[in-house]
Amino acid sequence: MRSSPQISEEIKPWLFAAPAALIFLVVLVYPMVYSIYLSLFQWNGVSSTKVFVGFGNYIELFTDNRVFWIAFKNNVIWVLLSVTVPTGIGLALALVLNTGFAGTALFRSVFYFPAILSMSIVGLIWSWIYHPTLGLLNQTLHALGWTWLELHWLSNPRIALYSVFVSAAWHNAGLPMLLFLAGLQTIPKECIEAARIDGATRAQIMRFVTIPLLRETTLIVIAITAINSLKVYDIIYVMTYGGPANQTQVLGTWMYFLTYNQNEVGLGTAIAVILFVMTMLFAVPYARYMARDQ
């Protein structure tokens with residue numbers, strides 16, 4: 001009776017890793033490499049001929065595409081707001097929930113509920129809230145007699161982006177809340193008690209004990225939030241479609257419009273590559289920090 005061939009112990013790990021590596025190459029690496037390739041051509045996405053322009057698409061974006069710079073500026077604003085507002089709200093909610101008052105579990109679920117909704121659904125909900133005549137916000141302001149605050153929230157170029165951001169913050173505060181709450185529950189109670197015995201006030205305990213011990217959690221929250229906010233697309237597409245007058249365009253939506261509305265595949269994929277580089281600026285330091293910490 002023949003014995004089955006034995007697999008070398010050195011080869012086994014590679015065999016186990018091969019399926020995951022193949023999926024990684026097909027789903028992530030190949031599309032990225034192909035996007036870089038397409039960004040070097042002028043192509044409408046339909047014809048069989050592509051015109052090689054080298055870095056021409058990048059040069060055009062940086063020197064002759066006004067909307068690109070509006071989108072880039074809005075992306076930077078969005079990231080800065082995202083790493084401060086939802087993070088701050090999440091921390092505040094976590095601190096309240098960590099006190100263990102009656103009904104904590106219920107309120108935790110209520111506060112986290114928006115995070116389980118898709119951004120498209122959130123956009124539809126808040127589009128109704130912001131409706132200039134039938135929306136909940138303006139109706140409430142009118143009932144209170146604050147008619148001077150009744151605005152066209154999504155069609156005013158000066159406030160449209162920030163109006164959309166409020167709806168995104170409502171959605172995004174849930175995850176930081178859970179992460180901060182988990183971090184707070186890992187802080188040894190002995191540290192808090194020792195500070196109280198030494199006469200520290202609540203504000204001093206927060207500043208000198210709680211916040212320093214939440215450093216790693218804060219870095220994780222900021223990194224995740226920054227990476228996710230760079231990829232913003234769906235909620236802006238649903239609520240404003242990049243308007244009014246392109247004032248709410250971000251790189252994700254402008255990439256879509258260039259690629260599918262204007263058939264400028266080269267320019268669209270060039271923006272995709274730029275977004276990838278911007279994401280790596282956050283992802284690589286975060287990955288290195290986590291690897292070093294482990």
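FYI, it's all coordinate maths here, none of it is from the lab. Everything quoted here is computed from the prediction, not taken from an experiment. Here the Cβ positions follow ideal geometry from the backbone for every residue, glycine too, while neighbour counts run over all protein chains shown.
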Measure of size requested: the Rg and Dmax of the chain, with Cα atoms as the atom set and Å as the unit; please supply both. 24.5, 93
Highest to lowest packing among 218-226, 278-286, scored as the average C-beta count within 10 Å: 218-226, 278-286
Sorted from largest down, what three extents in whole angstroms do the Cα atoms of the stretch 255-294 have along their principal axes? 47, 11, 8
Gyration tensor on Cα atoms of the stretch 1-135, a ≥ b ≥ c root eigenvalues, a/c under 1.5 rounded, else prolate if a/b beats b/c, else oblate, says oblate
Three-way shape call for the stretch 158-200 based on the alpha-carbon gyration tensor, with the a/c threshold at 1.5: oblate
Chymotrypsin sites (Phe, Trp or Tyr not before Pro) in the stretch 47-82 lying in a DSSP loop, each with at most 16 other Cβ atoms within 10 Å of its Cβ, come to PHE55
In Å, the Kirkwood estimate of hydrodynamic radius for the stretch 195-267 over Cα pairs equals 15.8
Kyte-Doolittle at least 1.0, axis length at least 30 Å by Cα - qualifying DSSP helices, the chain: 265-293
Inter-part distance where the stretch 15-65 and the stretch 217-294 are each reduced to a Cα centre, Å: 16
Distances over 19 Å make up what percent of all Cα-Cα pairs in the stretch 107-189? 51
Taking the chain and counting helices only, DSSP H stretches of n ≥ 4 at -39,500 (n - 2.57) each over all residues, the nearest-500 ellipticity at 222 nm comes to -19500 deg cm²/dmol
